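Trainee: Right, I'll just put the structure down here and ask away after.
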Amino acid sequence: MNLSALQPLLQAVVHDARVVCVGDLMIDRYVYGEVTRISPEAPIPVLLRASEQSMLGGVGNVARNVAGLGGRAALVGVIGDDVGASEALALVGADPKIESHLVVAPGRPTTVKTRFVAGGQQLLRTDSEDSRPIRREIEAGVVRAIGYAAEDAGAILLSDYAKGAVTPAVIEACLRAARDTGAALIVDAKAHSLAKYGEADLIKPNALELSILSRLPTETDADVEAALEKVLGECTAKAILVTRGAKGMSLALRGQPIQHIRGVPRRVFDVSGAGDTGLAALGLALAAKAELADAAAFAVLASGVAVTKVGTAVVTPAELIDAELAAHLGAAEAKIVSLEQARAEAERWRAQGLKVGFTNGCFDILHRGHVAYLAQARSWCDRLVVGLNSDSSVRALKGEGRPVNDLESRALVLAGLTHVDMVTPFAETTPLELIQAIKPDMLIKGADYTVDTIVGADFVQAYGGQVKLADIVDGYSTTAAIARMKDYQPSGSEAG
């Protein structure tokens, strides 16, 4: 999806899009820590607990993404009368763009998935749930909630995680509400048959689910086309959209050729929640009156951004625009970011359990000493951010005639190094504002400094961060390189 199509769609979503999110609600809890030893009691890692984060999952994550993308969500689901339910209500209440239409089922546990994470990797997941179908009186409450919430909605999103909330009566209530209001009904199904969803406007399985449904392979485009045709012939849905990970999505609309919508390959950190993000994007786009193919392209972009995050993460309009811009940049150019982008990326890295390092400098004429310094800095952390003085900042520090290379040239050369993960220019004479924004786990400067003379050292140490001094390679400096160039006299054969 190009920017000329993306920006007006985002504007329409913010101004007009309201969707109903129905289905299995859960809490996604993440326990973060560090593993440094194996238990003496059994051959298992010992997690030193550092922090914990909880968020809405399942259909709740769909609603979160609807709100994150700028739309309004009416959330219909089932909770128990336990601690998890109180947590779910608090999370819903904290987001002004999510309307709560939750139904309490006394005696039924609220579904909670707890993941234990270290070094960006999940070690274990525990589930607390009751996946039996909800009782009749609870089901009746959900049906009433759907009818009320669907008024003035542009789309109804049904998330069936097979946790008991999506019964035949709930499906029929969604179909009826879609007919009565003209809203598009989109189903994200975990079922072994799509027939029970009736004449839904769109059903969205992933490639593995499509393979199970069709009993056919789904590796190639031709495989997917055959599987889609078979499954579409076995149900009454108007269209099927299969999500295929890095291969994008494939759309089968009755009476039309199958379309393959490609995405941009991205670095995948966590696929959990990406399907919810895609469903939210689809619903919002259709609620904003986009064509189905354009809605699918919007969903490809949104889910592509989601997999670059850890956990059931929310995607924002700004991130979609940044992702679309980055798709047209080279790898080095994509590393050069603003202060706000650097702040957000550093937060995302830390959420993955990665250690963020920071250093800064003018890096006017990049030389062997710079490269060795940056390599050592990167060896101490998982991600290295380089603060780069602007041209005016270099001039204020080094005097007239500097820098020799302008900011764009210096930034591109730095970003081209494998040891550098992000370059952020700053106009001030010191990087203090940048350090305060990024909050690095490790602040790194050359060994020609002492800790007490490093800008930002006291700030970093105050929250438990480290300050380290990297080795300096003797005989290499930008000042010396400039002096040698000034003294250099070409021989007769080189002159002219």
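The values are calculated or read from the model by the stated rules, or taken from the named source; none is laboratory data. Predicted, not measured: the structure shown is a model, and the values here were computed from it. Cβ sites come from the backbone with ideal geometry, for glycine too, and all protein chains shown count toward neighbours. Note: areas computed on protein heavy atoms with side chains; ligands, DNA, RNA excluded. Shrake-Rupley method; radii C 1.70, N 1.55, O 1.52, S 1.80 Å.
Trainee: Considering region 212-234 alone, what residues qualify as being of a type in the set (Gly, Ala, Ser) and under 14 Å from PRO257 (Cβ atoms)?
Mentor: The answer is ALA222, ALA226.
Trainee: Also: Name every residue in region 116-166 that is among the acidic types (Asp, Glu) and either touching a Ser or Thr at 6+ places or on another chain (Cβ under 9 Å) or touching a residue at least 60 places away in the same chain (Cβ under 8 Å) (or both), in order of residue number. Lay out the reasoning, then the answer.
Mentor: Looking only at region 116-166, we keep the residues that are among the acidic types (Asp, Glu), and these are 127, 129-130, 137, 139, 151-152, 160.
Selection gives ASP127, GLU129, ASP130, GLU139, GLU151, ASP152, ASP160.
Trainee: Quick check on my filter: what residues within region 68-79 are modelled with pLDDT of 95 or more and open to solvent by less than 10 Å² (accessible area, probe 1.4 Å)?
Mentor: The answer is ALA73, ALA74, LEU75, VAL76, GLY77, ILE79.
Trainee: Are any residues in region 404-429 assigned to a helix (DSSP H, G or I) and either over 28 Å from the mean Cα position of the chain (by Cα) or more than 23 Å from GLU347 (Cβ to Cβ) (or both), and if so, which ones? Spell out the reasoning first.
Mentor: Filtering region 404-429 for residues assigned to a helix (DSSP H, G or I) gives 407-415.
Result: LEU407, GLU408, SER409, ARG410, LEU412, VAL413.
Trainee: Name the residues in region 113-125 that are in a strand (DSSP E or B) and open to solvent by less than 60 Å² (accessible area, probe 1.4 Å), would you?
Mentor: LYS113, THR114, ARG115, PHE116, VAL117, ALA118
Trainee: Let me ask something else about it. Considering only residues that are small (Gly, Ala, Ser) and in contact with a strand residue (DSSP E or B) (Cβ under 7 Å, 6 or more places away or on another chain), look in region 439-468 and name the one that is modelled with the lowest pLDDT.
Mentor: ALA447
Trainee: Residue check, VAL467 against (1) free of Cβ contacts under 8 Å to residues at least 60 places away in the same chain; (2) over 19 Å from ILE336 (Cβ atoms); (3) outside any strand (DSSP E or B), all met but one. Which one?
Mentor: Unmet condition: (3).
Trainee: I've got another one for you. Kindly indicate whether any position in region 127-135 is part of a helix (DSSP H, G or I) and of a type in the set (D, E, K, R).
Mentor: Filtering region 127-135 down to residues part of a helix (DSSP H, G or I) leaves none.
No - not one qualifying residue is present in region 127-135.
Trainee: Separate question: Of these, VAL14, VAL22, which one is at negative phi, surrounded by 11 or more Cβ atoms within 10 Å (Cβ to Cβ) and touching a Pro at 6+ places or on another chain (Cβ under 8 Å)? Before the answer, list the steps.
Mentor: Values: VAL22 fails: touching a Pro at 6+ places or on another chain (Cβ under 8 Å).
Selected residue: VAL14, the only one of VAL14, VAL22 that is at negative phi, surrounded by 11 or more Cβ atoms within 10 Å (Cβ to Cβ) and touching a Pro at 6+ places or on another chain (Cβ under 8 Å).
Trainee: Residues in region 22-29: is at least one part of a helix (DSSP H, G or I), touching a residue at least 40 places away in the same chain (Cβ under 8 Å) and of a type in the set (Val, Ile, Thr)?
Mentor: We begin by selecting, within region 22-29, every residue part of a helix (DSSP H, G or I); these are none.
So far as region 22-29 goes, no, none of its residues is part of a helix (DSSP H, G or I), touching a residue at least 40 places away in the same chain (Cβ under 8 Å) and of a type in the set (Val, Ile, Thr).
Trainee: Does region 80-112 hold any residues that are open to solvent by less than 60 Å² (accessible area, probe 1.4 Å) and either assigned to a strand (DSSP E or B) or aromatic (Phe, Trp, Tyr) (or both), and which are they?
Mentor: Matches in region 80-112: ILE98, HIS101, LEU102, VAL103, THR111, VAL112.
Trainee: Within region 390-407, track down each residue that is at pLDDT 85 or above and either among the acidic types (Asp, Glu) or in contact with a Phe, Trp or Tyr (Cβ under 8 Å, 6 or more places away or on another chain) (or both).
Mentor: Once the filter is applied, which keeps residues that are at pLDDT 85 or above and either among the acidic types (Asp, Glu) or in contact with a Phe, Trp or Tyr (Cβ under 8 Å, 6 or more places away or on another chain) (or both), region 390-407 yields SER390, ASP391, SER393, ASP406.
Trainee: Also, I was wondering about something else. Before we move on, is ALA42 assigned to a loop (DSSP other than H, G, I, E, B) and over 28 Å from PHE298 (Cα atoms)?
Mentor: yes
Trainee: Would you please list the contacts, defined by Cβ atoms under 9 Å and residues six or more apart or on different chains, that run from a residue in region 351-372 that is closer than 17 Å to ILE435 by Cβ to a residue that is among the aromatic types (Phe, Trp, Tyr) and assigned to a loop (DSSP other than H, G, I, E, B)?
Mentor: Going by the 9 Å Cβ cut-off, the qualifying pairs are LYS355/TRP380; GLY357/TRP380.
Trainee: Let me ask another. Residues in region 436-444: is at least one open to solvent by 10 Å² or more (accessible area, probe 1.4 Å) and assigned to a loop (DSSP other than H, G, I, E, B)?
Mentor: Yes, some residue in region 436-444 is open to solvent by 10 Å² or more (accessible area, probe 1.4 Å) and assigned to a loop (DSSP other than H, G, I, E, B).
Trainee: Looking at (1) open to solvent by less than 60 Å² (accessible area, probe 1.4 Å); (2) under 21 Å from GLY456 (Cα atoms), which one does SER409 not meet, given that it meets all the others?
Mentor: Here SER409 clears every test but (2).
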